[in-house]
Structures are given as C-alpha cells and as structure tokens.
1. Going by the structure shown, is His314 at pLDDT below 95, surrounded by fewer than 24 Cβ atoms within 10 Å (Cβ to Cβ), not acidic (Asp, Glu) and not in a helix (DSSP H, G or I)?
2. Can you tell me which residues in segment 62-80 are crowded, with 24+ Cβ neighbours inside 10 Å and more than 8 Å from ligand 1 (Cβ to nearest atom)?
3. For a quick check of your reading: which strands (runs of 3 or more DSSP E) sit entirely within segment 330-438 and have at least 2 residues that are open to solvent by 50 Å² or more (accessible area, probe 1.4 Å) and of a type outside the set (Val, Ile, Thr)?
4. Specify the residue that is nearest to ligand 1 (Cβ to nearest atom); the eligible residues are those in segment 169-193 that are surrounded by fewer than 22 Cβ atoms within 10 Å (Cβ to Cβ) and not in a helix (DSSP H, G or I).
5. Across segment 85-124, what is the total count of residues that are crowded, with 23+ Cβ neighbours inside 10 Å, among the hydrophobic types (A, V, I, L, M, F, W, C), over 19 Å from the mean Cα position of the chain (by Cα) and in a strand (DSSP E or B)?
6. Residue by residue through segment 203-230, note down the ones that are away from ligand 1 (no atom under 16 Å from the Cβ), touching a residue at least 60 places away in the same chain (Cβ under 8 Å) and either more than 22 Å from the chain's Cα centre (by Cα) or assigned to a helix (DSSP H, G or I) (or both).
7. Report whether or not Lys155 is among the basic types (Lys, Arg) and in a loop (DSSP other than H, G, I, E, B).
Amino acid sequence: MKFLLLLSALGLCWAQWDPNTRPGRTVIVHLFEWRWADIALECERYLAPRGFGGVQISPPNENVIINDPLRPWWERYQPISYKLCTRSGNEDEFRDMVKRCNDVGVHIYVDAVINHMCGNGVSAGTRSTCGSFFNPGARDFPSVPYSAWDFNDHKCRTASGDIENYNDAYQVRDCRLVGLLDLALEKDYVRSTVAEYMNRLIDIGVAGFRIDAAKHMWPGDMKAVLDKLRHLNTTWFPAETKPFIYQEVIDLGGESIKSSEYFDNGFVTEFKYGAKLGTVLRKWSGERMAYLKNWGEGWGFMPSNRALVFVDNHDNQRGHGAGGASILTFWDSRLYKMGVAFMLAHPYGFTRVMSSFHWPRYFVNGKDINDWMGPPNDDGVIKEVTINPDTTCGNGWVCEHRWRQIRNMVTFRNVADGQPFANWWDNGSNQVAFGRGNKGFIVFNNDEWPLSAYLQTGLPAGTYCDVISGDKIDNKCTGMKIYVSADGNAHFSISNSAEDPFIAIHEESKLENLH
Ligand code: QV4
Ligand code: CA
C-alpha cells in the first residue's frame, strides 16, 4: 500500500491503466446500440450475476440524424453537441442506467467521440437527436458552442482537407477523417469543452472511456484533456480513482503512427489480436494453433498491461476499420466461440466481448452493401431487448455475451485471474491445451481428426464439469465430465465434428465430494 501511496504522491498513480472493474471481474461487454433502459436491466438480471465487470456503451451525446442511408449505426459517430440525448435514451435514462449498473458492481465505459463533429458534407438544417441547430458549412455548433475557430481547417495541409495519406502523421491528426469536421484540440477552449463533457459523465458515475479515433489526435493534446479530468464518483469508487482510458488506435504495423505513442495516456486497442487469431483459427496463410504457444508479446503485440483486446468490434465485424476478412464474428459462430474462449482463457490483455445486432448482409462483389444498417428499430425507434425463455435475446439482438460457451468463459477468466499461463500442450498441428496455474484448463481440437490425449491440467484431483458443453447445476454436470487424477492428469477426447470442439474446466466447475 505504501508503494501505491508513493506512486499517487508522485502523481504517477497508475489508475488510468486500471480498468476500475470490481475485484475478480475481468471482462467488459460492448452492448452496441442498446438502449439505456435495457442496459440497466441487463446489468441487474444478467451481467452482475454472471460476473461481468462492465459495459461499453454507444456514444451517449447528441448526433446528426442521417436519412440516406436510413438511420445508419454510424450516425452516432457524428456529434452535434454533448447533450446526453440519443436514440438510446435521454439524460434521466442515462443517469438511471449508470446508477443501477454501478449499484450491482457493473461499471459503465463511455464511447467518447471527441476528435470531431459531424461530416463536412452534412447540410445545414439537418436534424439531430436532441433537436439542436447546427451548420457544418459555417462550422457552427451553437449547442456546445463551437465555431470556425475551434476546427483544424486552417491547420490541415491537404488539398481536400481530408486525410489523404496515412503515412503523414500531420494529416492523420490535423485533417478530416472521412470528412468529419476535425476539432482543434491544441486549443485550451476545445480541450476544456471536451473535458467538461467527460467530467459531467464522470460525476454521473462512469468508470472510464473508449477514446474514439484516438489515432487522429496528437497524444499530447489528448493528455492535456485527460489531465483536466476529475476523479471518479466516490459513491461507487475509492477516492482519487482516475477514469480507465482505452484509446482506439488501429496499428497493424506499417503506418507512421504507432500504438506506443499513446501508452502514457492509457490502454490501447490491439487490432493485431483479432486479425491474427482469426487467421490462425481459419488456418489461413499456413497458420496453426500450435503456433499460439507464445501468443501475446511473442507475436509482436503491445505489452499486455496496455492492451485492450477483442476478437471483433463494431467496425470490423462489418468490414469497417481494420482486420479484414480474417476477423471472426457471430456469423462464423463455431470458430467465433473458439476464438472468444481462447481470448478469455489466455492471460494476455484486458478483454472486451462484442454483443451485436443482426442485419441482412447482402454481398455485391464481395462487399456487404448493407454494412451501414442500424439497430433493430420500429420506424427509427430502437427496439427493446427481449429475453427468450431459453435466455437468448429476441427482436434481432444477437447477445453473444449470453451464449453459454462465452458467458461461462467469462467466469473462467474471473476464476483464473492472476494465475500464470501453464501446462501448454500441442500436437504440432491444431490440437492445443493450456492451463492457468491450478485454477483452470482448456483444450481445443481444430484439426480434421479426433483428439484423444492424457494431459497435465495442473488442477487438483476431482470430477469437473466441462463448461463449454454444459453447466454445473446443483452439483451435477449438464454436459461432459472430466476426471482429474491425483497427479493432475486427465484424459480428453474431442471429436473434430463436435458442435464445439473444445473443453474447459476450472475450480468452480469442480463437483463437490459429498461424503
Ligand atoms: C463520406 C466520404 C468522405 C467525404 C465525406 C464528406 O467517404 O470521403 O469526405 O463523406 O462528408 C460515414 C460514411 C462515410 C462519410 C462520413 C461522413 O461511412 O462514407 O464520408 O460518414 O463524413 C464510423 C464509420 C464510418 C462513418 C463514420 C461517421 O466507420 O464509415 O463515416 O462513423 O459516421 C479509421 C480510423 C478509426 C475509425 C475507422 C472506421 O482510424 O478511428 O477508420 N474507427 C472509429 C469508429 C468508427 C467511426 C469513427 C472512428 C469515426 O470505431 O465506427 O466511423 O468516428 O481506421
Ligand atoms: Ca484530429
């Protein structure tokens, strides 16, 4: 504790790198486009009981209303003001969600769109989700207020005013990303205005922020904003707690801008993670699971204590952003479950699970021309998330976070938290296994033939329920059982045609010996 006090005395408090989840909760879920009322319900009925640490929410600030195409999901990445009213709900509903989720130990992480305002091509008189007037052509956003002085038009050196070359760091920061009006974050007025918006959210009770388009802001400008942020609300957080910061920086290598430039501000999204994991599980480019033995920094990823990791995100699950065709999504459900399970079992990084909505993909020349489609809605009003008797979601919500294989691996990660990567085994091909100290063990068969092996699990002797094929309920296994002998060995048999060709066991899935 003394060390911590010293750190904080030196102003080196590590908090912006502390995810601020409750102890023993190690995973956040992105409830993409959910309404605040539904998130509050999900915190209470599902996320808290299942040990989720938090929720990344869609941008809560007023955005432009786009009608061509009709209400695309990406209209929420075109701010009009920092008023808390969007299709997900109004300020009262936002406050209610934050309080109810915090009260059950599930924290809220806000998607902060602070690099820009709406697109340059949006015409004046276009409506916005809170009815605010604005005029992009005149750079006039009176509800903030921002005026022409507050944008980078004068600073950008490209002919179009848009980013034209991602190898020129000046363009990437000072010009418009796909035409989005670029804020002058070198100005104290803009920094203070952005910080005031984020501080209002901190006072309401949020635990941290995803910084959208962080690559497009100078790290120093962003630090100037972060240094203006208050500590978290002590109703739910210890005094002097800083907000958790994770910055969206797409760095697959080969560009002028590097993720490491942003490490001093907080965590950074590691986009190589999902791209590489998808390639390995699809067995593309000669990749095989046996190569995952040194997964993490060994694969050239950023340090684990700066990495926000995910299998897919709201962009690359629909061909936006980075990752390409290798990205696994709910559309590829069998491999997707394997990928998410691998991510949640492996100690590398801080993990985020995606929770999506369905849309009717329609490919023309290999591109989904429906990639813009927004959330399930009735004439523009986002549909509520209904829960089916089998605990899946209805109304077009995918709810990957409620799939047994995924929610049980959230428990696995929580149980294994802090335990070392151990007992790696592979068959030189696509059959692998590894453990987490003496708390958990997982086995994958991604080969075209059965797996049958005696493996050292590192676990205490006993009968364990496989949490992939079932659950442990009333001290019984609804799925497969695994028998670990006194020396820690167990036999695993996995058919290559199994619905889910992987097995996971952990301390809490062990049956009690009832004498
Ligand atoms: C169009 C033209 C532009 C033109 C402009 C004129 O393409 O050349 O200058 O009109 O106004 C939408 C449209 C896009 C349109 C733009 C309006 O798709 O065609 O430009 O609006 O300017 C999301 C979507 C974008 C969407 C944007 C704003 O992905 O398609 O653009 O929201 O609505 C890079 C970044 C990374 C970014 C990623 C997508 O480094 O930060 O691209 N990811 C984040 C978010 C992402 C969001 C944004 C950033 C922008 O995850 O969801 O983009 O906030 O890799
Ligand atoms: Ca910028």
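The values are calculated or read from the model by the stated rules, or taken from the named source; none is laboratory data. What you see is a predicted model; the values in this text were computed from it and never measured. All Cβ positions, even for glycine, are placed from backbone atoms using ideal geometry, and neighbour counts span all protein chains on display. Areas reflect the complete protein model, heavy atoms only, side chains present, ligands, DNA and RNA absent. Shrake-Rupley method; radii C 1.70, N 1.55, O 1.52, S 1.80 Å.
1. When the stated conditions are applied, His314 does not pass them.
2. Once the filter is applied, which keeps residues that are crowded, with 24+ Cβ neighbours inside 10 Å and more than 8 Å from ligand 1 (Cβ to nearest atom), segment 62-80 yields Glu62, Asn63, Pro79, Ile80.
3. Correct list: 421-426.
4. It comes out as Gly179.
5. 1
6. Ile204, Val225, Leu226 - these are the residues of segment 203-230 that are away from ligand 1 (no atom under 16 Å from the Cβ), touching a residue at least 60 places away in the same chain (Cβ under 8 Å) and either more than 22 Å from the chain's Cα centre (by Cα) or assigned to a helix (DSSP H, G or I) (or both).
7. When the stated conditions are applied, Lys155 passes them.
For every residue, the table says whether it meets (1) farther than 20 Å from Leu47 by Cα; (2) within 20 Å of the chain's Cα centre (by Cα); (3) among the acidic types (Asp, Glu).
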site: Gly374; (1), (2), (3): yes, yes, no
site: Asp378; (1), (2), (3): yes, no, yes
site: Val385; (1), (2), (3): no, yes, no
site: Gly394; (1), (2), (3): no, no, no
site: Trp397; (1), (2), (3): no, yes, no
site: His401; (1), (2), (3): no, yes, no
site: Gln405; (1), (2), (3): no, yes, no
site: Arg413; (1), (2), (3): no, yes, no
